[in-house]
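The next block holds one structure in the form of structure tokens; read it before the comments.
Just so it is clear, none of the values below were taken in a lab; they were calculated from the coordinates. Only a predicted model underlies this, so the values are computations on that prediction, with no experimental measurement involved. Here the Cβ is made from the backbone with ideal geometry for all residues, glycine too, and neighbour counts use every protein chain on show.
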Amino acid sequence: MDRSASYPTGLAHNDLTQGADLHSLIQANPAIHPNALVADSLGERDGATSGADSLPRDASVPAFAPDLFNTEEYARLHAARFGGIGVRSEHIRPGRDTPDGVFQAMQIRPGVFASPGRGPYGGFDVSDDMDEAELADFVATTETKLRSAGAQQVELVMPPFCYGPHSGPRCLAVLCRSGYRVTRQELNQAIVVTEASLAERGNYENRKRLNKAARAGLSVRHMDAIDYQAAYGVILENRLKKGRSLSMSWQDVQAMIVAFPQQVYMFGAQLEDRTIAAAICLAVNRRVLYVYAWGECEGAESVSPVSSIAAYVYKFAQQHGFALLDLGTSSVDGIVNPGLVRFKRSLGATTSLKLWMGKSLG
């Protein structure tokens with residue numbers, strides 16, 4: 001089954017009044033609790049995160065659920081940016097009433113639909129046991145829906161290959177046979193979560209940084225809602241200092257926390273009662289914790305607080321059953337940032353590809 005959708009805007013930006021206090025919003029709604037554990041409704045991935053693609057689905061394998069950026073709730077949250085024009089396609093097998101594959105895209109320009117319209121990745125999000133013939137049929141029926149909605153071009157961002165070492169290349173092969181072409185590629189780095197600590201996983205330089213921070217009295221904690229805006233400010237300051245920006249404004253982050261209270265986490269490093277570094281993380285599914293952004297205040301470099309945050313977030317991932325800590329891309333438009341690659345490697349990260357693809361539907 002496939003369907004075209006004009007998404008209602010859901011929680012729009014005007015639902016968060018100018019200067020709204022996130023802590024007050026959360027206090028007013030007991031269902032919103034940023035410190036809650038990861039919800040059981042979050043989906044699984046394959047390979048390094050949930051097992052081989054070819055395994056048949058049985059009672060021991062959780063039902064398919066799309067990743068955060070492929071949920072209807074996420075599309076509704078951002079629909080207003082794109083005039084509410086989008087397509088959501090679902091693959092449902094005969095005899096079943098729930099999908100085992102989803103695709104959603106928003107119209108970002110007249111005739112051009114992107115998956116996701118906003119977010120780190122989208123694409124065809126399918127169950128581990130969907131074979132290549134089913135996936136090819138799903139791609140074809142989705143393209144029919146896109147054309148019906150006026151699409152002349154479709155663009156998609158695939159999740160990093162580390163999310164699905166088997167399904168990623170398989171999906172790439174099906175898309176290439178269906179006429180899609182790679183339009184951009186980036187290096188992505190992630191850490192497979194094991195029982196070892198990050199100090200043990202990383203190299204000597206990282207252990208030196210962690211020891212120096214500990215001697216200086218640096219502490220890291222999972223932050224309370226009342227401190228979130230200050231933490232965001234630290235990260236924004238770090239990005240602006242480097243001539244870069246954040247893809248989400250503070251108001252965007254507020255909206256994400258309210259819409260997905262069990263999937264947004266913020267961490268802070270403190271020295272002498274001052275937050276000098278912070279990180280924003282998203283539980284994109286039950287097995288993957290994604291570092292959306294992190295950074296430190298100017299002048300805090302001497303104690304390398306981001307290394308300490310990385311160690312704390314990794315321990316958090318261990319305690320809450322995540323199998324992969326995604327540190328994000330280390331290149332821009334294919335140009336690698338050598339210093340960033342070295343830093344993430346020092347933490348124990350390995351490298352995989354993240355691909356952008358496109359196809360003309362004319």
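The table for this structure:
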quantity	calculated
ASP131-GLU298 pseudo-label distance in nm [points 7 Å out on the Cα-to-Cβ vector]	6.1 nm
³J(HN,Hα) computed for each position of the range 161-174 - Karplus, 6.51 cos²θ - 1.76 cosθ + 1.60, integer Hz, glycine/proline x	4, 5, 5, x, x, 9, 6, x, x, 5, 5, 4, 4, 5
Cα centroid of the range 106-123 to Cα centroid of the range 127-159, whole Å	13 Å
Sequence-distant residues sharing a close amide H with ALA293 (under 5 Å, placed H)	ILE280
For the range 190-353, fraction of C-alpha pairs farther apart than 21 Å, in %	44 percent
Residue-wise HN-Hα coupling along the range 184-197, computed from phi with Karplus coefficients 6.51, -1.76, 1.60 (Hz; x: Gly, Pro)	6, 9, 10, 7, 10, 10, 8, 10, 6, 7, 10, 6, 6, 6
Pairs beyond 26 Å (Cα-Cα), from LYS242/LYS359; LYS241/LYS344; LYS208/LYS344; LYS242/LYS344	LYS242/LYS359
THR141 versus ARG274: modelled label distance in nm, points set 7 Å from Cα along the beta carbon direction	5.9 nm
